[in-house]
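So the structure is just underneath, and the comments pick up after that.
Since every read-out is calculated from the coordinates, none of them should be taken as a lab result. Keep in mind the model is a prediction, meaning the values are calculated, not measured. FYI the Cβ positions are ideal-geometry reconstructions off the backbone, even for glycines, and counts take in every protein chain you see.
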Amino acid sequence: MIRQKLIAGNWKMHKTTTQAIQFANDFIAPGINQFKKTEVCVCVPFVHLHALENIFTQNDIKLGAQNVYFEQEGAFTGEISCGMLADAGVKYVIVGHSERRALFAETDDMINKKLRAAFNSALNPILCVGENLEQRGSGAAQETVGRQLEAALRDIGITGVQRLTVAYEPIWAIGTGRTAIPNQVREMCAFIRSKIEALYDGRAAAKTRCIYGGSVNPVTARDIVGNSDVDGALVGGASLKPDVFFNIVKAVNSQD
Ligand code: 13P
């Protein structure tokens, strides 16, 4: 099965709205929509969604969010629902990023609820999984990712999982400049797909996208995403600079 590659930026907590609009103009100007083989998404802070919706839609860039709450509405001060995001034009939402797990005490149970809420809406979740350095060092990387997947996907139906993108983001590679080597990424993406096959079936596994995140730049993107098991990248720091992010999309799109 051919899965379209996805290059998604994760701006984290960066940029004012003025800077976000400037980014959009600079990213689009050299012709980002010439890269038809690759789907491009930018997951921005909530406050920029409205300002970016039109310019992104016109240029076939998908609008993404970095978090969502699982309830539909109610007394949940500070939270945002799937319905609100979909209404704002959001197509993709990151769920369970390691920074949210570590800094905001997101549990597997919350991540499972968020995934269910996303699948009950029009949003396509990008589920983040990944081991820390100690787990990698002790040979427990696959076991860790397997556990995260089982917990996140508990009672998620097969129709949902076919819309899922899993982002393998080893914690030791995030923001460190230390990109995982292509073989580590290929192995883990193949493992993730085999896990989905075990939990569901081969058809669901073949449809699930598995992308990589962790210090991706234009050079590493080409090497890592060059493999048929790896369906794209989730890009943090390098997605903040329009020319660098453009070159990542270009590098991935120019592969056979
Ligand atoms: P960096 O690309 O800055 O390492 O961040 C990766 C990440 O966390 C994307 O979600």
Name the cysteines of the chain that stand alone by the Cβ rule: no other cysteine Cβ under 4.7 angstrom. 41, 43, 82, 128
Leading residue at positive end of dipole, the chain (Cβ point charges), from 194, 133, 77: 194
Label-point gap, in nm, between residue 60 and residue 159 - each point 7 angstrom along Cα→Cβ: 2.9 nm
Take the residue pairs 195/250; 36/241; 36/113; 36/62; 12/113 and return only those whose Cα atoms are more than 25 Å apart. 195/250; 36/113
Please list the non-local residues whose amide H lies under 5 Å from the amide H of residue 106, H modeled 1.01 Å from N, same-chain partners needing a gap of 5 or more. 101
Overall dimensions of the chain as given by Cα atoms, namely Rg and Dmax in Å: 16.9, 50
Charge dipole (segment 1-132, unit charges on Cβ, about Cα centre) - positive-most of 32, 10, 63: 32
Contact order relative to length for the chain, counting C-alpha pairs under 8 Å separated by 6 or more residues, stands in percent at 21 percent
Assign one of three labels to segment 57-182, namely rounded, prolate or oblate, based on the Cα gyration tensor with a ≥ b ≥ c the square roots of its eigenvalues; rounded applies when a/c is under 1.5, prolate when it is not and a/b is larger than b/c, and oblate otherwise. prolate
Considering the alpha-carbon set of segment 210-256 alone, what are its Rg and its Dmax in angstrom? 9.5, 27
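Between residue 104 and residue 133, what FRET efficiency comes out of the Förster formula 1/(1 + (r/R0)^6) with R0 = 30 Å and r the beta carbon distance, rounded to 0.05?
Details: r = 21 Å, r/R0 = 0.70.
My answer for the efficiency is 0.90.
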Extent of segment 136-256 along each principal axis, from alpha carbon coordinates, in Å, largest to smallest? 41, 33, 23
Please provide three numbers in whole Å: the alpha-carbon extents of segment 163-208 along the principal axes, with the largest listed first. 36, 20, 13
